[in-house]
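Working notes for the structure below.
The values are calculated or read from the model by the stated rules, or taken from the named source; none is laboratory data. Source: prediction; values computed, not measured. Note: ideal-geometry Cβ built from the backbone for every residue, glycine included; neighbour counts use all protein chains shown. Heavy atoms of the whole protein, side chains included, go into the accessibility calculation; ligands, DNA and RNA do not. Shrake-Rupley method; radii C 1.70, N 1.55, O 1.52, S 1.80 Å.
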Amino acid sequence: MHLKRLELFGFKTFAERTELDFSPGVTAIVGPNGSGKSNLAEAILWVFGEQSLKALRSSKSVDMIFAGSKDKKAVGLAEVSLTLDNSNGDFGVDFTELTVTRRVYRSGEGEYLINRVPCRMRDIH
């Protein structure tokens, strides 16, 4: 099992849809200060159901949503999808890939999905 892909939209500093592919052998993400490395780590925590806003360096759930900047307007939701390779059957399901998605809207409502099917946080855990 390994992490295959991380997709972000509207999550913290990632205003536009961003996709990172992790081929086998990728072990680190490096970059200068302010490039979003911590936000990537927090996106992984968040998609798996992290509830502690302190752990996500936030004070409320809408802080996960890109708030806008001088050049870009605010977005209405934050979405993170994490795709895991399950070709060896570690998760005990008949899918070779599992994609876990979490969304939160400005209204405060949120949802979880597994392979684009709505589910509960309990199902993800």
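Observations on the model:
- Residue-level analysis places A43 among those that are touching a strand residue (DSSP E or B) at 6+ places or on another chain (Cβ under 9 Å), small (G, A, S) and at pLDDT 90 or above.
- Looking across the stretch 114-125, the residues that are part of a loop (DSSP other than H, G, I, E, B) and within 20 Å of K4 (Cα to Cα) come down to N115, R116, H125.
- Within the stretch 31-46, residues that are over 16 Å from F66 (Cβ atoms) and among the hydrophobic types (A, V, I, L, M, F, W, C) reach partners that are open to solvent by 10 Å² or more (accessible area, probe 1.4 Å) and part of a loop (DSSP other than H, G, I, E, B) with beta carbons closer than 8 Å, at six or more positions or on different chains, in the pairs L45/A55.
- Filter result (of a type in the set (F, W, Y) and either farther than 22 Å from L40 by Cβ or free of Cβ contacts under 8 Å to residues at least 12 places away in the same chain (or both)) within the stretch 62-104: F91, F95
- Qualifying positions in the stretch 4-25 - under 14 Å from E97 (Cβ atoms) and under 12 Å from the mean Cα position of the chain (by Cα): R5, L6, E7
- Tally of residues being over 27 Å from S59 (Cβ atoms), open to solvent by 60 Å² or more (accessible area, probe 1.4 Å) and in contact (Cβ under 8 Å) with a residue 12 or more places away in the chain across the stretch 114-125: 1
- Of the strands (runs of 3 or more DSSP E) lying entirely inside the stretch 1-113, those containing at least 2 residues that are exposed (fewer than 12 other Cβ atoms within 10 Å of the Cβ) are 18-21.
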